[in-house]
């Protein structure tokens, strides 16, 4: 029963919002599912492995969707005017910080893309 709860939780995460702020939580669940898939093979003769693999792939799609949403936010940012002090624009700072943190998960992101 706890295995089914885990699968349902991971599936709910995969089907949730594509908000860029969720990326790191989705990455955590993606990595956890990846690591657990071999364990599912031994459970119930592997019946859960297919379900776990499907959800894992859905999590990968969610991660790609989150990056697409980030791209849309950048593209539609209304702050196209120059920064008053001549410094970095707020969206530039946000995206650079976001990508720096995302790059810490580069090995996982390579599996997704």
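Quick notes
- Helix-only arithmetic for the chain: the sum of -39500 (n - 2.57) across DSSP H runs with n ≥ 4, divided by the residue total, places the mean residue ellipticity at 222 nm at -24500 deg cm²/dmol.
- Look at (1) 63, 31, 19; (2) 63, 23, 21; (3) 54, 34, 24: the one that is Cα extents along the principal axes in Å derived from this structure is (2).
- Using alpha-carbon coordinates, inclination of helix 47-75 to the longest axis of the chain, degrees: 10
- For peptides 47-56, 104-113, sequence by mean Cβ density within 10 Å, most packed first: 47-56, 104-113
- Rounded Å value of the spacing that divides the Cα centres of the range 62-113 and the range 1-37: 22
- For the chain, built as a Gaussian network whose Cα springs stay under 10 Å, the top-fluctuating residue of 19, 85, 42: 85
- Relative contact order %, the chain, counting alpha carbon pairs below 8 Å whose residues are six or more apart: 31
- Compared with the alpha-carbon gap, the fully stretched path from residue 110 to residue 32 is longer by 26.5 nm at 0.36 nm per residue.
- Model label points for residue 41 and residue 9, set 7 angstrom from Cα along the Cα-to-Cβ axis, are 2.4 nm apart.
- Once the Cα atoms are used to define both axes, helix 23-42 deviates from the longest principal axis of the chain by about 20 degrees.
- Axis of helix 90-102 versus longest Cα principal axis of the chain: the two differ by about 30°, to the nearest ten degrees.
- Most fluctuating residue given options 87, 16, 60, as computed from a GNM of the chain linking Cα atoms under 10 Å: 87
Throughout, read-outs are computed from the coordinates displayed, never taken from laboratory work. What you are looking at is a predicted structure, and each value in this text was computed from that prediction instead of being measured. Virtual Cβ from ideal backbone geometry, glycine too; neighbours counted across all protein chains shown.
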